[in-house]
Ligand SMILES: [Zn+2]
Ligand SMILES: [Zn+2]
C-alpha cells in the first residue's frame, strides 16, 4: 500500500480530532461544534473557508497554480439519534446521540487530506473540501447545492466516500452506474365506514381493504417492474382499530420503496396508487395516498469512476479494489451532488470490528449499530486517496 508519508506521520493528530468529534456527536443541522472545529483547523492551516452553505456546512478552498479547473471532495459531519453502547474513552458524551455511521471518520479523513494539500499544493487548480451537514435524513447535500455550493465553488467533478463495515480495511469498493438506491416513504390511509364488529354488513371495512391492498402491492415488483430492475417495496407498519368489537373507520399502511432508477420509481408509485385507489373503490372505501421521495438513486458517472479506480489501484493494488461491487439498497444524499456534477462515490472497507479495543458494546460493528466505531486505521488510507485523487485530477502541466 502506497500511503503518503506526511499523512501517516500526521495520524495521531487526525485520530485525536476524530475521537473528539466521536465523543461530541451532533444531529443533523446541529453540527455547530463540529463545524467550528473544521473551520478552526482549516483556518489554522491557512485555508480560506466559506460557512453557512446548508446552515452548518463548511467548505475549504485550497488553490494550487492558476488553472481555473476545480474538484470537490465531500465528507459528512452529522451523527444519529442512537444511544451508544460503547464505553471506551471516546464514547459519546451526549445521551441518545452517537456517531454510528462513521461521519466522524469521514470528517477527519478529509481534514487530514486538506492539511496535506494546503502544505504541498502539488496540483494545478482548486480543491474544494466540502464538509456537509445532515446526511442522515436531512438532505444536507441538497441544501448546500440550493444555497449555491456549485455557483460559489465552480468544480468539474465531485467525489464522495463512505466507510463500509465487513469489507477489509485497506480495500475499496465501487461500481459505475447505480450503486445505492433511491429511498422513498409511503403512508396510505384507507377511509371506510366503521361499525359494531358484530354487524359487519353495516361497515365498509378498512382493515379488509388495507389487507387486500397490501397483498396486491406485492404484484408490483413481481408483475410490473422489469425482472432485471431491482426494487424493494416493504410495508413496515399497519395501523387500525383499538377494540376487539369495533370495526374502525380507517386503516393505515406505511413503508418504504427503494429503486435504482427514477423510471422504476415512477412506475412503482403509479402502480401502487392505482392498486390502492381501485381496490378501495371495489370495497366502497376511499384512500389518501401520500408518497414522499427522499433521496434519489446514487448513480456513479462511468468516466469519473474509472478515474477513481485508477487512483485507488495505484495506491492499494488491483487486488484491493473491487471495481464491480454489488449495489446496495441503502441510500445516501451524495446522490444529489451526482445529479448536478459528474463524480464518483466509493466505499472504503472498515473491517470486521476487531479494531475496537476494550470497552466496545460487544455488538456488531455495523453502520447504525450502537456498538459501531469508525476504524482509525483508515484515516491515512482515506486521506491519501483524497490527496492522490485531487493531485491526479488537477495534474500539473
Ligand atoms: Zn448512516
Ligand atoms: Zn453515513
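The values are calculated or read from the model by the stated rules, or taken from the named source; none is laboratory data. It should be emphasised that the depicted structure is a prediction, and the values quoted were computed from it without experimental measurement. Methodologically, a virtual Cβ is constructed for each residue, glycine included, from the backbone with ideal geometry; neighbour enumeration extends over all protein chains shown.
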**Message:** Give me the residue from segment 120-138 that is in contact with a helix residue (DSSP H, G or I) (Cβ under 7 Å, 6 or more places away or on another chain) and either on the phi > 0 side of the Ramachandran plot or in a loop (DSSP other than H, G, I, E, B) (or both) and, out of that set, farthest from ligand 1 (Cβ to nearest atom).
**Reply:** 122
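If I ask for residues that are part of a helix (DSSP H, G or I) and either within 16 Å of ligand 1 (Cβ to nearest atom) or more than 14 Å from residue 342 (Cα to Cα) (or both), which ones from segment 146-182 would you list? Before the answer, list the steps.
Within segment 146-182, the first condition is being part of a helix (DSSP H, G or I), and the residues that meet it are 146, 149-152.
Correct list: 146, 149, 151, 152.
Can you name the residue in segment 1-22 that is under 11 Å from residue 107 (Cβ atoms) and in contact with a helix residue (DSSP H, G or I) (Cβ under 6 Å, 6 or more places away or on another chain) and, of all such residues, is surrounded by the fewest Cβ atoms within 10 Å (Cβ to Cβ)? Give the derivation first.
From segment 1-22, those under 11 Å from residue 107 (Cβ atoms) are 14, 17-18, 20-22; that's our starting set.
Narrowing further to those that are in contact with a helix residue (DSSP H, G or I) (Cβ under 6 Å, 6 or more places away or on another chain): 14, 17-18, 21-22.
On the way: 14: 25, 17: 18, 18: 25, 21: 27, 22: 28.
For segment 1-22, the residue satisfying everything is 17.
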**Prompt:** If only one of 397, 342, 370, 302 is within 16 Å of ligand 2 (Cβ to nearest atom) and surrounded by fewer than 22 Cβ atoms within 10 Å (Cβ to Cβ), which one is it?
**Reply:** 370
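Which residues, taken from segment 75-91, are in a loop (DSSP other than H, G, I, E, B) and within 16 Å of ligand 2 (Cβ to nearest atom)? Break it down stepwise before answering.
In the first step, residues of segment 75-91 are kept if they are in a loop (DSSP other than H, G, I, E, B); the result is 77-79, 81-91.
The answer is 77, 78, 79, 81, 82, 84.
State whether the residues of segment 203-210 include one that is within 16 Å of ligand 1 (Cβ to nearest atom), surrounded by fewer than 22 Cβ atoms within 10 Å (Cβ to Cβ) and at pLDDT 95 or above.
The first filter runs over segment 203-210 and keeps only residues within 16 Å of ligand 1 (Cβ to nearest atom), leaving none.
Within segment 203-210, not a single residue is within 16 Å of ligand 1 (Cβ to nearest atom), surrounded by fewer than 22 Cβ atoms within 10 Å (Cβ to Cβ) and at pLDDT 95 or above.
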**Request:** Could you check how many residues of segment 23-40 are part of a helix (DSSP H, G or I) and either in contact with a strand residue (DSSP E or B) (Cβ under 7 Å, 6 or more places away or on another chain) or buried (at least 18 other Cβ atoms within 10 Å of the Cβ) (or both)?
**Result:** 5
**Request:** Please verify whether segment 111-125 includes one or more residues that are in contact (Cβ under 8 Å) with a residue 60 or more places away in the chain, closer than 24 Å to residue 341 by Cβ and within 16 Å of ligand 2 (Cβ to nearest atom).
**Result:** no
**Message:** Only one of 138, 105, 166, 70 is modelled with pLDDT of 95 or more and over 20 Å from the mean Cα position of the chain (by Cα). Can you tell me which?
**Reply:** 70
**Request:** All but one of (1) within 21 Å of residue 109 (Cα to Cα); (2) at pLDDT 95 or above; (3) surrounded by fewer than 19 Cβ atoms within 10 Å (Cβ to Cβ) hold for residue 160, so report the exception by its number.
**Result:** (3)
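If you check 54, 46, 72, 96, which single one turns out to be outside any helix (DSSP H, G or I), loosely packed, with under 15 Cβ neighbours inside 10 Å and in contact (Cβ under 8 Å) with a residue 60 or more places away in the chain?
Numbers: 54 fails: loosely packed, with under 15 Cβ neighbours inside 10 Å; 72 fails: loosely packed, with under 15 Cβ neighbours inside 10 Å; 96 fails: in contact (Cβ under 8 Å) with a residue 60 or more places away in the chain.
Criteria check complete, one pass: 46.
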**Message:** Is it the case, given these coordinates, that residue 114 is touching a strand residue (DSSP E or B) at 6+ places or on another chain (Cβ under 9 Å), within 19 Å of residue 331 (Cα to Cα) and either within 16 Å of ligand 1 (Cβ to nearest atom) or not in a loop (DSSP other than H, G, I, E, B) (or both)?
**Reply:** no
**Request:** Counting only residues that are at pLDDT below 95, give me the strands (runs of 3 or more DSSP E) lying completely in segment 235-315 with at least 3 of them.
**Result:** none
